[in-house]
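**Q** Shown below is the structure under consideration.
The values are calculated or read from the model by the stated rules, or taken from the named source; none is laboratory data. No experiment lies behind these values; they were computed from the predicted model shown. A quick note on method: Cβ atoms are made from the backbone with ideal geometry, for glycine too, and the neighbour counts reach across all protein chains shown. Please note that ligands, DNA and RNA were not included when accessible areas were found on the heavy atoms of the full protein model with its side chains. Shrake-Rupley method; radii C 1.70, N 1.55, O 1.52, S 1.80 Å.
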Amino acid sequence: MGFDVLSRRVSRRDLLKVSGVAVAATAVGVGPRLANGPGLFAAPAAAPSKGATSGDWPTFGYDYAQTRHVPFDQITKENVAKVGRVWSYDFLEGNKDIPPGQESFPIVVDGVLYVTTSFDNVFALDAKSGKLLWRWKPEQIGFFKNFGLTYNRGVAYGEGKVYLLTLDMHVVAIDAKTGKLVKQITIGDTVEGADASLGYYETVAPIYYNGTLFVGSSGSDNGVRGFMMAYKASDLTPAWANPFWTVPPAGQGWRKQGNFHGGGTPWMPGTIDTETDILYFATGNPSPDFFGEVRPGSNPNVDSCIAVNAKTGEQIWVAQSITRDLWDYDMAAPIVLMTANVGGEQRKVVAEGSKAGQWWCWDAANGKVIYDGVPFSTIKHPKPTEQGVIAAPGPLGGANYAPQSYDPTTNYYLICNVESPALLKQATAQQIERRGQGDVDFGGTFENAPNVEPYGTYVAIDMNTGKIVYNKKVPGVLRSGFTTTATGLGLFAGTKGDENIHAIDTSSGDMLWSFGVGGEVAAAPTVYMIDGQEYIALTVGGTSTSGTIPTQSMIEVFALGGNTQQIAPATPVATPAAQPIPGRDQWLVNDPNHTDGVIFNAIAALTEDNNGMNFNGYGNGQMTITVPKDWLLTIKLWNKSARLPHSIVVTTEDNFRKQVGQSGGFEPAFVGAYAPANPINGYIGNSPQPLQSNSGNIKLSTPGTYILACDVPGHAAQGMWDVLKVDPNATKPSLSTSQGGTPVAGTPVASPVEGAGGM
Amino acid sequence: MNVFKRSNVLSDVRSANGSTISFGFAKNAIPITLWKGTGRNLVATAGKLTLNGQPVAGATIRVDHYTLPNPTTGDGTFQFLRDQTLIDRRRVTIADAKRAKIAGTPATQDQLGALTKASTAVSTVYLLTLDGQPTLHQGDHDVKITGRMTFADKTTPVPPVTLWDYIIRGVIRNEHGKPMQNVIVSISGENGESSALSSPTGASGEYTLRFFPDPDNQYDVRAGFGETLYTGMQPIHFAPGESAEMDLVIPDTGDDLLGTGANGTFQPKELDGAEYIGTLAGLAVNQRPIDATLTWPDDQGAFSISIPSVDAAGTLSFFQAQLRFFTPTKQTPGGSVGKGILPAELAPKMPRGLHALKVTS
């Protein structure tokens, strides 16, 4: 399910407008690896189309079992705090035809990272450097702009091709090396009625397995008939003789009363047991979502885990989570297959936590229930009325499409949960009749419960007992999903108010690392190895249900030794509190560690003067720092702007004159005399940035006049520069400003630095 | 009379060179069963490929777009799964016979040619139970055949003909009057409800939107073409219980979607009628429905076929069709099937040849 706020000229399909906020109804949604070897999933097997021991992340959930558990062990509980950014890519840069927002789960094959964006664009990036290798985009996107939902959750890889499902119900095969289209088919040609005009759409990633591509779809809230279909990856012809239909044909069973009502779409990827060739998938809610009167009975096979023969599409077993769903409680996230310690014995089981806020576990062979609806979220399931009822979870929670992970190091099952109770209002019978085929079919409206701020929790369930081990709160709703590693790390990311990637100790739930990624996250981390380096990739941009209207579409990639500069807005969660901006008497202070040392707190954009292009309120050379020759100068760069990045470089006058017209690129006059690590990009954040010299300071051994300039392109040219003088005759540091300066709260004067009082 | 008591004659194909190829299905048609949520809705369908009575081994069979993973066995047998819950007709062909052996001997070029041209079909149909065995003679007038159309359980009637949607249809052109291909037209009501999309237009530029006119709503009209979304700036009200016709224009410049009225205003015209879905049984000769008056199955599945005049001797056979159609006249269970609803020729997916009625001279 997703929601969006739309203007009159923007799409409103799949949307309901509720209390001024348009809310869509179904919250919603490689070969790879097999993870179901004997015992625990300690070592994934090879991708079917490539070597056995790569560090790839070759399929949606890392392995066919959708465990999202990697065997990589370079990043540990002990060193995770040293993880930093190694590259990023902005999908919107130069690609204005891509809408903001990101729900894509990257895959990595042979050193290439394949990731999608809204409007079904596919990018191939060098997974080590982030260099763009190719981009593919559909030709016909005009109508996408009127579709409401724009997201795509990723691709499958196999046989040298990348496979994509498009919003308008096509399967696309792209040459993985060149990005050229190989073949495209219309799903409706082989699945009767599976057409966008009848309410179907695709946001899901397909799964490639053993020459076959498995394809579900979305559209439960539009009353479609859910299906799973298989195609031969080689030529995209059907691999099954028939689609597997999850609900009755129109006019039969519980669909007899309303031909346009339906549901049961599998809108996240399937899960495969490579030992038994069983395909498991979860199905969505029945529709009309909140109006059960026209779909009598338990509506079997919706909100269910379905097991079918992957070779033929024959049903093996079905287990329904909740019956008589009146709240849009899809089983959304991928089913996780695992061999776990269950009740003291090793058992092969499948499990999933659903939007109902409950968790189920079944025997993988026969669907017999092992753990039955363990609650991990606030549960309140009243029957909807026209007047409205408060239901918990709301249609956007508890466990939405965010993938879940099984961590064999702890035998814990990990879930990203959303606590967002909602006010559900049932439609009238007359309103139910007023819809055509393919139209939205919620059977009512919903909005956030009044006076309740939604939030997220991360949950661990002990597979041995079915008991919750911990359930910990984070500020934003959780849309990302979990990934776990062999070193006992659990990785996920937050949304509004918690724009961070997090690493927890899966055994305790303790937060070990939080790193600002600059935006909301609505997809789980991908972890891979190249040349002995372990990387964590994360798409950033959020979704319409993650808190704010998306404005970004990025990928951020992390590794040990990367740049530890976080990206604002970084809301500290288990991170040091933001430090206060130094007051005037703290701008120039003695260095407590060096007798002949001084610390300059350079505060970018301290005031709004000169459009914020100033240090400590002064620009255009109106502030001069004077330091005796051979003293050590430490510069801490602060940035008061939450919007514009800034940096500082100590450069020579000659270089400044030469480069200031070239949009920066200043040469440091001393080794490491700049901050942050990439001064052209600059930084936004709450913590001061040190100089990049080894010691964080520079020895001013050469007398002369230097320039302190911001190296973000254009800033110095706009006057964001001041003066540093290294004076052989000076006996102590001082700070002065010219008469034309732009003072802050009184005029700074030469600041004495002797003694502790001024420090 | 149960029409499924019949031979497998349709499995036999006589090629131009005189060879007889049989796909060897026990039945060419199976009756529809009710969909089961907890059971199996697929049924194994086995055949045996022979040429002049000799088994054909190593041939690859194709069913519609689906190619069977395994070639025919040594005795020519093959098997695939069919969904027995949907009315359907599936074309069966030989996708590859290059490695085929006939009675252990590689196929000759003539035999290969015959095999690759052979085809048959298997159908899943409603059970037709006729009220007695019709006898037809050339020159008969006002012959009436009656029966029931049910699921395999013989009690559950075929779903009745139903009003499905109202439509908006028209042609979308460029400013110079040329029909636009690959355009998707859409409407959406003011609250995001009552939205509808068309399929991409073909060479004729014709589009159809299926919707339920909401009298309380005004609709925005848009058209997606290439990378541009063209938007009409004039919301439209559609009358309840009515369809509409409305031609559209995509301008050379800008992204406003225009109508055909003055200054590009939209000119929707009321269109009597609606779109229905219904399933019926009829009689055909050589893929063509005969001139007969049909009734839709009533709420018990009972139907009738009235033949005004039996013109010629020969063989008639039943067909079935699930039709989705627009008509200006109201269609009701048990009522007459309106003129123009039946196609002149049976579409490939319509089951036919279900029971032969011999017309004697």
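**Q** For the stretch A:45-164, which whole-number percentage of the solvent-accessible area (1.4 Å probe, protein heavy atoms only) is attributable to carbon and sulfur atoms? Can you show the working numbers first?
**A** Details: 1740 of 3560 Å².
Here carbon and sulfur together make up 49 percent of the probe-accessible area.
**Q** Given points 7 Å out from each Cα along the Cα-Cβ axis, report the residue A:257 to residue A:586 separation in nanometres with one decimal.
**A** Result: 6.7 nm between the two label points.
**Q** Next question. Grab every C-alpha pair in chain B, bin the distances at 20 angstrom width from 0 up to the longest one, and report whole percents.
**A** Binned Cα distances yield the sequence 25, 42, 30, 3.
**Q** Run the quick spin-label model on residue B:110 and residue B:65: label points 7 Å from Cα toward the beta carbon, then report their separation in nm to one decimal.
**A** 3.8
**Q** Where nothing but the Cβ of Lys and Arg (+1) and of Asp and Glu (-1) is charged, how large is the charge dipole of the stretch A:501-656 around its Cα centre, in debye to the nearest 20?
**A** Charge dipole of the stretch A:501-656: 340 debye, to the nearest 20.
**Q** Related question: Does the stretch A:629-699 come out rounded, prolate or oblate, given a ≥ b ≥ c as the square roots of the eigenvalues of its C-alpha gyration tensor, rounded meaning a/c under 1.5 and, failing that, prolate meaning a/b above b/c?
**A** Here the stretch A:629-699 falls in the oblate category.
**Q** Given the Cα-Cα distance of residue A:178 and residue A:653 and 0.36 nm per residue of separation, how much length would full extension add, in nm?
**A** Separation in residues times 0.36 nm, less the Cα-Cα distance, equals 166.2 nm.
**Q** How large is ³J(HN,Hα), in whole Hz, for each residue of the stretch A:649-659 in order, when computed from phi with the Karplus curve 6.51 cos²θ - 1.76 cosθ + 1.60 and θ = phi - 60°, using x for Gly and Pro?
**A** Karplus values, whole Hz, x for Gly and Pro: 9, 8, 10, 7, 4, 4, 5, 4, 4, 5, 9.
**Q** OK, next. Convert each backbone phi in the stretch A:380-391 into a coupling constant with the Karplus relation 6.51 cos²θ - 1.76 cosθ + 1.60 (shift: θ = phi - 60°), then list the ³J(HN,Hα) values in order as whole Hz, x for Gly and Pro.
**A** Using θ = phi - 60°, the values come out as 7, 10, x, 6, x, 10, 5, 6, x, 9, 8, 10 Hz.
**Q** On the full set of protein chains, 1.4 Å probe, figure out the accessible area of residue A:298 and give it in Å² to the nearest 10.
**A** Accessible surface of residue A:298 is approximately 50 Å².
**Q** Which parts of the stretch A:313-331, residue by residue, lose 40 Å² or more of accessible area when the rest of the protein chains are there, as against the chain isolated (1.4 Å probe)?
**A** In the stretch A:313-331, residues shielded by partner chains: A:314, A:315.
**Q** Still on this structure, I have one more. Does anything in the stretch B:164-195 have its amide N under 11 Å from the 7 Å Cα→Cβ label point of residue B:270, and if so which residues?
**A** Once the point is set 7 Å along Cα→Cβ of residue B:270, nothing inside the stretch B:164-195 turns out to lie under 11 Å by backbone N.
**Q** With all protein chains present, how much of the accessible area of chain B (probe radius 1.4 Å) comes from carbon and sulfur, to the nearest whole percent?
**A** Numbers: 7770 of 15970 Å².
Roughly 49 percent of what the probe reaches on chain B is carbon or sulfur.
**Q** How high is the FRET efficiency between residue A:93 and residue A:323 when r is their beta carbon distance and R₀ equals 35 Å, given to the nearest 0.05?
**A** The computed FRET efficiency comes out at 0.10.
**Q** Using a 1.4 Å probe on the protein heavy atoms, what percent of the accessible area of the stretch A:272-413 belongs to carbon and sulfur?
**A** 51
**Q** Among the trypsin sites (Lys or Arg not before Pro) in the stretch A:456-498, which ones are in a DSSP loop with at most 12 other Cβ atoms within 10 Å of the Cβ? Mind listing them?
**A** A:467
**Q** For the stretch A:117-131, just list the computed ³J(HN,Hα) in residue order, Karplus coefficients 6.51, -1.76 and 1.60, θ = phi - 60°, integers in Hz, with x standing in for Gly and Pro.
**A** 9, 4, 6, 6, 7, 10, 10, 10, 10, 4, 5, 8, 10, x, 5
**Q** In whole angstrom, and with the biggest value first, how far do the Cα coordinates of the stretch A:115-213 range along each principal axis?
**A** The Cα atoms of the stretch A:115-213 stretch 42, 32, 19 Å along their principal axes.
**Q** Tell me, what is a quarter of the convex hull surface for the C-alpha atoms of the stretch B:52-194, in nm² with one decimal?
**A** Average of the hull's projected areas for the stretch B:52-194 equals 19.2 nm².
**Q** Follow-up. Leaving out ligands and nucleic acids, note down the accessible area per residue over the protein assembly as shown with a 1.4 angstrom probe, in whole Å².
**A** On the way: 39790 Å² over 1120 residues.
Accessible area per residue, the protein assembly as shown: 36 Å².
**Q** Now for a separate question. Once the Cβ-Cβ distance between residue B:91 and residue B:20 is put in as r, and R0 is 25 Å, what FRET efficiency do you end up with, to the nearest 0.05?
**A** Details: r = 19 Å, r/R0 = 0.77.
Efficiency for this residue pair is about 0.85.
**Q** Sequence-distant or interchain residues sharing an amide H contact under 5 Å with residue A:112, placed H: which?
**A** Those qualifying (amide H under 5 Å, at least 5 residues apart or on another chain) are A:127.
**Q** Comparing the chain by itself with all protein chains present, which residues of the stretch A:399-448 are at least 10 Å² less accessible (probe 1.4 Å)?
**A** A:433, A:434, A:435, A:436, A:437, A:439, A:440
**Q** Follow-up question, since we're still on this one. Would you mind checking the radius of gyration and Dmax of the stretch B:192-273 based on alpha-carbon positions, in Å?
**A** Values for the stretch B:192-273 (Cα only, Rg and Dmax): 12.7, 36 Å.
**Q** Is the stretch B:109-173 rounded, prolate or oblate when judged by the Cα gyration tensor, a ≥ b ≥ c being the square roots of its eigenvalues, rounded requiring a/c under 1.5 and prolate requiring a/b larger than b/c?
**A** Since a/c reaches 1.5 but b/c is at least a/b, the shape of the stretch B:109-173 is classed as oblate.
**Q** Which cross-chain or sequence-distant (5 or more) residues have an amide H under 5 Å from the amide H of residue B:271, H modelled 1.01 Å from N in plane?
**A** Close amide H contacts, sequence-distant or interchain: B:243, B:244, B:245.
**Q** Pulled fully out, how much extra length does the chain show between residue B:36 and residue B:339, if you take 0.36 nm times their separation in residues and subtract their Cα-Cα distance?
**A** Between residue B:36 and residue B:339, full extension yields an extra 105.5 nm.
**Q** Give the shape of the stretch A:238-384 as rounded, prolate or oblate, defined through the alpha-carbon gyration tensor: a ≥ b ≥ c are the square roots of its eigenvalues, a/c under 1.5 means rounded, and otherwise the shape is prolate if a/b is larger than b/c and oblate if not.
**A** Verdict is oblate for the stretch A:238-384.
**Q** Given a 1.4 Å probe and no ligands, DNA or RNA in the count, how much accessible surface is buried by A and B, both sides, to the nearest 100 Å²?
**A** 4600
**Q** Now for a separate question. Once label points are set 7 Å from the Cα along Cα→Cβ at both residue B:306 and residue A:368, what is their separation, rounded to one decimal in nm?
**A** 6.2
**Q** Taking a label point 7 Å from the Cα of residue B:313 along the Cα→Cβ vector, which residues of the stretch B:136-152 have an amide N closer than 11 Å to it?
**A** B:138
**Q** Something else: Mind giving me the FRET efficiency for residue B:234 and residue B:174? R0 is 22 Å, r the Cβ-Cβ distance, nearest 0.05 is fine.
**A** 0.70
**Q** Rounded to the nearest 20 debye, what is the charge dipole size of chain B about its Cα centre when +1 sits on each Lys and Arg Cβ and -1 on each Asp and Glu Cβ?
**A** 2320
**Q** Then there's this: Rounded to the nearest 20 Debye, what is the dipole magnitude of chain A about its Cα centre when Lys and Arg each give +1 and Asp and Glu each give -1 at the C-beta?
**A** For chain A, the charge dipole is close to 640 debye.
**Q** Shifting gears a bit: Tell me which residues come under 5 Å, amide H to amide H, from residue A:540 once H is placed; ignore anything under 5 positions away on its chain.
**A** For residue A:540, whose amide H was placed from the backbone, the distant partners under 5 Å are A:554, A:555, A:556.
**Q** Obtain the radius of gyration and the Kirkwood radius of chain A from its C-alpha atoms and give Rg over Rh.
**A** Ratio value, two decimals: 1.04.
**Q** Using protein chains only (no ligands, no nucleic acids) and a 1.4 Å probe, work out which residues of the stretch B:30-52 have their accessible area cut by at least 10 Å² relative to the chain alone.
**A** The answer is B:34, B:35, B:37, B:38, B:39, B:40, B:42.
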